[in-house]
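K.L.:
Pasting a structure below so you can have a look.
Please treat every number below as a calculation from the coordinates, not as lab data. Just so it is clear, the model here is predicted, and its values are computed rather than measured. Ideal geometry is used to build each Cβ from the backbone, glycine not excepted, and the neighbour counts take in all protein chains shown.
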Amino acid sequence: MGKLHPTETSVYDFEPGLSGDRTGRYITLEEGGTGSTIIVSSQDADTAQSIPTASNNDYHWASLVKKILTPTYLSTLIATLRDHSSLPELVTTQLLQHLLKVYHHKVEVIISSEGMDSLDTGLPHFKLVSQRKSGTKKLELVFDDDKIKTYLKNSLSELFTYTGFWEEFARAIGANLIVWAAENLEQHIGHATLTALQPEELTQDVSRSLLEMDTTLLQERISFFGQIYCQDITRKIVKGFDLPNCSLQDMDKLLGLKPKPPTEVRTRLDLDPIAVLPTSIPIASSIRAQLRPDLWQQNTDELAVFQHRSKNNPNNYIEHYITNPGDIALLPWEAADQIINKFGFDTVKLQLIFAARTMEEDEPWSRAFTLKASDIIHLLGWDRNHNTSLSEKRNAVASTAFALSCLLVKSVWIEGRGRKQIDASTPIGRMWDVLIDPHGQMDWVTGKIEKPEEVYITVSPGLWTKHFLNRAGSKAKEALHQFGYLAKDILKIDPYHNEMALRLAIQLTLDSRIRARNENPYAYRVLNLLEEVLPKTEIEKALEDKYKARDLRNRWDTCSQAAEQSRLAN
């Protein structure tokens with residue numbers, strides 16, 4: 001059995017005064033012949049020192065505080081505290097010491113229960129030293145305290161700049177100052193005289209005492225009460241972290257010790273001007289599902305479903321459903337509708353990027369790839385928009401990726417006949433399994449990284465790719481391998497100014513494979529194209545109302561002109 005020191009009884013409880021040994025954070029692992037694990041910690045376990053709190057007696061302090069702590073006095077006190085209080089520094093320091101103590105403990109527990117090899121000792125804050133003669137391994141925890149402290153302070157910056165925080169602090173300090181001033185007054189005039197004072201007289205005397213107080217003495221009292229209040233703040237923050245249930249990886253995030261992001265090689269996103277793009281039925285139907293929310297229906301089980309049925313073989317169909325992150329559970333119409341409303345051109349463009357990147361993999365269903373939000377922003381042309389910050393754009397990419405991860409697909413699809421028959425049917429699964437990993441400063445007020453320095457998006461294409469994008473399976477006549485080509489410039493078409501042009505460009509891209517064998521693959525009827533990209537009601541209104549018809553014709557002409565200008569430019 002392993003021995004663990006110190007014990008786990010109160011290691012997660014915030015105890016003011018427990019600073020520990022700041023210079024010797026290390027763990028010594030000794031493996032004896034019996035295979036037992038003994039962990040020896042150098043961290044001291046000093047007992048906590050009690051800090052006095054403001055006294056209370058039989059005076060009506062609440063009434064006195066209410067009279068003196070007016071909005072004007074409170075405003076003045078807030079300004080004084082903002083300028084002179086060391087509360088942010090105190091909270092950060094106490095938090096740093098406590099989190100490092102907990103981190104140290106969690107490392108000990110992992111080594112004791114799972115062994116040293118279960119830790120990623122290649123991380124920058126781990127230093128592993130092996131001594132062959134004694135068979136001892138020494139793991140040193142090498143923290144850059146100043147760097148972590150800066151990270152913690154930045155994480156708390158929103159809290160420290162929040163007006164309500166300083167108002168609450170000022171009320172607590174103000175109440176204690178008033179009680180302390182009243183007790184000083186009692187020492188000067190005596191208990192009997194104080195209790196004989198009328199409430200108005202007591203209020204005036206205490207107020208005068210506060211106004212005439214020596215500045216140095218006032219700062220000392222503010223500092224004293226601030227230390228007490230600081231412990232309450234730190235304790236609340238620590239409680240909110242739920243440290244007993246935090247993994248070591250969670251602790252890494254709290255302390256800003258996250259491992260280095262993926263390398264540039266892993267996150268490469270460099271599409272050719274004309275990129276190979278899967279144009280298989282699941283891709284085409286899912287894009288249509290995102291651009292045509294009017295075609296979603298509520299089935300008999302009250303689930304939201306989008307169905308695409310083959311025109312050539314009605315027995316073949318693709319269905320899309322909506323789910324949430326985590327375990328796949330089909331969402332009912334009301335809940336699914338909220339996700340469906342997030343679909344649109346942004347999700348379609350991002351899916352085209354995912355799809356084009358997927359084509360670079362020989363077996364996309366068995367491998368994931370990672371993309372950077374910053375690269376996606378450039379591909380989408382969002383870098384030309386200077387009205388929003390780069391971090392806001394990264395968040396928008398993350399939000400778009402989240403919506404895509406909620407889209408499910410089910411296929412019942414058999415192509416060919418007899419021996420040439422290929423069954424491309426797949427059970428319900430995600431189109432794209434997406435992991436969103438923001439990197440940057442955590443805002444502990446919201447519990448999120450509000451302004452990410454980068455967002456890494458790891459994409460695992462769904463099982464449908466094994467049946468529809470399998471090169472080897474295609475050669476063996478066991479799977480389809482359906483693809484077309486994507487003009488990269490399509491991704492930069494602004495839907496706000498050229499919505500129809502973007503709709504048509506996407507439709508023609510997906511159509512290219514299907515019509516490739518036609519005698520005249522580039523001949524289209526305008527009405528047929530419009531029916532593919534616009535809601536039926538919009539076309540019907542144009543057929544019935546000459547003004548609606550004129551507007552639609554103008555949109556078409558604008559779209560044609562934009563396409564011609566783009567062709568000439570290239």
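K.L.:
Take the alpha-carbon centre of segment 126-205, take the same for segment 377-449, and report the distance between them in whole Å.
P.N.:
Their Cα centres are 44 Å away from one another.
K.L.:
While we're on this one: What ranking, highest mean first, results for peptides 80-91, 296-307, 397-408 when packing means the other Cβ atoms within 10 Å averaged over each residue? Mind dumping the intermediate values first?
P.N.:
Numbers: 80-91: 16.5, 296-307: 15.0, 397-408: 21.5.
Descending mean neighbour count gives 397-408, 80-91, 296-307.
K.L.:
Rg/Rh for segment 302-442: what does it come to with C-alpha atoms and Rh from Kirkwood?
P.N.:
1.02
K.L.:
Beta carbons within 10 angstrom, averaged per residue: use that to sort the peptides 63-72, 164-173, 450-459, 536-545, highest first.
P.N.:
Sorting 63-72, 164-173, 450-459, 536-545 by mean packing, highest first, produces 450-459, 164-173, 63-72, 536-545.
K.L.:
I've got another one for you. Mind ordering 183-189, 150-156 by average Cβ neighbours within 10 Å, highest first?
P.N.:
Going from most to least packed, we get 150-156, 183-189.
K.L.:
Measuring from centroid to centroid over Cα atoms, what is the spacing of segment 234-259 and segment 86-101 in Å?
P.N.:
13 Å
K.L.:
Something else: Can you compute the modelled spin-label distance between THR537 and GLU140, with each label point 7 Å from Cα toward Cβ, in nm?
P.N.:
Here the modelled spin labels are 7.1 nm apart.
K.L.:
Return the long-range amide H neighbours of ASP443 (sequence gap of 5 or more, or a different chain), with a cut-off of under 5 Å between placed amide H atoms.
P.N.:
Long-range HN contacts for ASP443: LYS448, ILE449, GLU450.
K.L.:
Let me ask something else about it. Beyond 22 Å between alpha-carbons counts as too far, so tell me which of LYS236/LYS451; LYS393/LYS492; LYS67/LYS236 fall in that bin. Each step should come with its number before you reach the end.
P.N.:
On the way: LYS236/LYS451 24 Å; LYS393/LYS492 15 Å; LYS67/LYS236 29 Å.
Long pairs (Cα-Cα over 22 Å): LYS236/LYS451; LYS67/LYS236.
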